[in-house]
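Notes to accompany the following structure.
The values are calculated or read from the model by the stated rules, or taken from the named source; none is laboratory data. This structure is a prediction, so every number in the text was calculated from the model and none was measured. Counting neighbours? That spans all protein chains shown, and the Cβs are built from the backbone with ideal geometry, glycine included.
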Amino acid sequence: MKITMIGTGYVGLVTGTCFAEIGNDVLCLDVDARKIAILNEGGVPIHEPGLEPMVKRNVAAGRLRFTTDVDASVAHGSVQFIAVGTPPDEDGSADMRYVIAAARNIGQRMQSPKIVVDKSTVPVGTADRVHSTIAAELGARGVSIPFSVASNPEFLKEGAAVEDFMRPDRVVVGASDERAIQTLRALYGPFMRNHERFLVMDVRSAELTKYAANAMLATRISFMNELANLADRLGADIEMVRQGIGSDPRIGYHFLYPGAGYGGSCFPKDVKALQYTAEQFGHPLTLLNAVERVNDGQKHVLVDKIVERLGEDLTGRKFALWGLAFKPNTDDMREAPSRVVIDALTARGARVVAYDPIAMDEERRIFANAPLLAYAASPIAACDGADALVVITEWKEFRSPDFDDIKSRLSMPLVFDGRNVFAPELVRAAGLEYFGIGRR
Ligand SMILES: NC(=O)c1ccc[n+]([C@@H]2O[C@H](COP(=O)([O-])OP(=O)(O)OC[C@H]3O[C@@H](n4cnc5c(N)ncnc54)[C@H](O)[C@@H]3O)[C@@H](O)[C@H]2O)c1
């Protein structure tokens, strides 16, 4: 199948590459010439496990190409996936300008029938907007060419995106046009050879499903964070509570980890966008408003603990900070809790020496003018002369450090564990003071 992927970011690049991997002819478009140049020179602009070799393999096989040429991209695919960003606008609504620009480009140039598929996370009603945008452009050209618009929200997780895409739990398709449904069924068939996971529904339900999924996961995290803060006051251990409830199959273990708050490019913006839609339709979501409030507060809990232990004025203090990315296995720093912690510590006069296995370049770009922020070559080097170790991202390589070595390098024996990655008794056995989230 000839496929065009509009938007070559985390979703577009992974999706396009995986479609090429099973034999499709894929052209990925982006307006970001820098990104396309990196790809055309054999690089991969994002970190995603397993992606680079797959990109190289499919480029070499001639099944995967990258371009900034809109004419070529519209001409190429009989299926045009829209996978552009939908960042939050100032009022919290999803900014639809990139999606609509993509639709307009298609309407202005298409010469043959197209199936247009919204893969970006978009508010309910967007497929209708994309449809009317394309129809208006065709009308302005005075031509009539058949096309349909389907919704196909993406559920991949950054850090495991290739794996998720190659083995999806489900593929949700919202469409009413039988030809679009059959085409997408054929396209996704190879990813679900062992059993069918293709869910067809109406377009609005598909659009809402994506927001509902992220809102549910964010709710579980905020629920646990709120209980963790209560456990702190009650002298209970939230990690035991987590196991006690996660073992109930009706609840399960996923997304029950208390920590320094959720971040990333999806949960914060999708929760906001769903709230906005709900308010617009006169049905504010009481529960989701609380989920967001809890999360905003949670990003400050670690700093509150630090201030409680060391005082409000942190001038001259130095903190070793492990983990910058919003979660492990990605270099994505969007809405990362580490940014809030770094801002709060440096605003109080402290210096921060950070280490992250892959997100340090991205961090340097974001905090270009931050004289109180420096970077270490290794996790242990960050501890040299620091007053405390602060863990923000649960990278695997942080899980089992040499606590004696850490103790010998820190100038004060303090560990603030924002992801509950350490066993408190092991930390304390090395003579360190341990502060977790919701743990005695
Ligand atoms: N990142 C995730 O984990 C994830 C998961 C599921 C869904 N989503 C959703 O998928 C969408 C894309 O997310 P992302 O993380 O890949 O974003 P991203 O910012 O990494 O990539 C979007 C790309 O679209 C490009 N673009 C913008 N306008 C364009 C246009 N008119 N033509 C061509 N390219 C254009 C941008 O330059 C950018 O490279 C969003 O709606 C997001 O909510 C993301």
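Restricting T15, T8 to those that are near the ligand (Cβ under 10 Å from one of its atoms), assigned to a loop (DSSP other than H, G, I, E, B) and among the polar types (S, T, N, Q) reduces the list to T8. Within segment 102-135, the set of residues being in a loop (DSSP other than H, G, I, E, B), polar (S, T, N, Q) and within 28 Å of the chain's Cα centre (by Cα) comprises S120, T121. Here segment 18-30 is the region considered, the condition is being crowded, with 16+ Cβ neighbours inside 10 Å and part of a loop (DSSP other than H, G, I, E, B), and the residue that is farthest from the ligand (Cβ to nearest atom) is N24. Taking the numbered list (1) in a loop (DSSP other than H, G, I, E, B); (2) away from the ligand (no atom under 12 Å from the Cβ); (3) of a type in the set (A, V, I, L, M, F, W, C) in turn, F155 passes all entries but (2). The set of residues in segment 168-199 being hydrophobic (A, V, I, L, M, F, W, C) and either assigned to a helix (DSSP H, G or I) or within 18 Å of H131 (Cβ to Cβ) (or both) consists of V173, A175, A180, I181, L184, A186, L187, F191, M192.
Summed over segment 68-88, residues that are surrounded by fewer than 17 Cβ atoms within 10 Å (Cβ to Cβ) and more than 13 Å from the ligand (Cβ to nearest atom) total 2. On inspection, A135 fails the criterion of being crowded, with 20+ Cβ neighbours inside 10 Å and in contact (Cβ under 8 Å) with a residue 24 or more places away in the chain. If you check G438, G418 for being crowded, with 22+ Cβ neighbours inside 10 Å, out of contact with any strand residue (DSSP E or B) (no Cβ under 8 Å at 6 or more places or on another chain) and at pLDDT 95 or above, only one passes: G438. The single condition among (1) within 26 Å of F435 (Cα to Cα); (2) within 16 Å of the ligand (Cβ to nearest atom); (3) modelled with pLDDT of 95 or more that M216 does not meet is (1).
When A386, A376, A430, A382 are checked against the criterion of being of a type in the set (G, A, S) and farther than 25 Å from E308 by Cα, A376 stands alone in meeting it.
Aromatic (F, W, Y), touching a residue at least 60 places away in the same chain (Cβ under 8 Å), in contact with a Phe, Trp or Tyr (Cβ under 7 Å, 6 or more places away or on another chain) and under 23 Å from P328 (Cα atoms) - does that describe any residue in segment 382-395? No, segment 382-395 contains no residue that is aromatic (F, W, Y), touching a residue at least 60 places away in the same chain (Cβ under 8 Å), in contact with a Phe, Trp or Tyr (Cβ under 7 Å, 6 or more places away or on another chain) and under 23 Å from P328 (Cα atoms).
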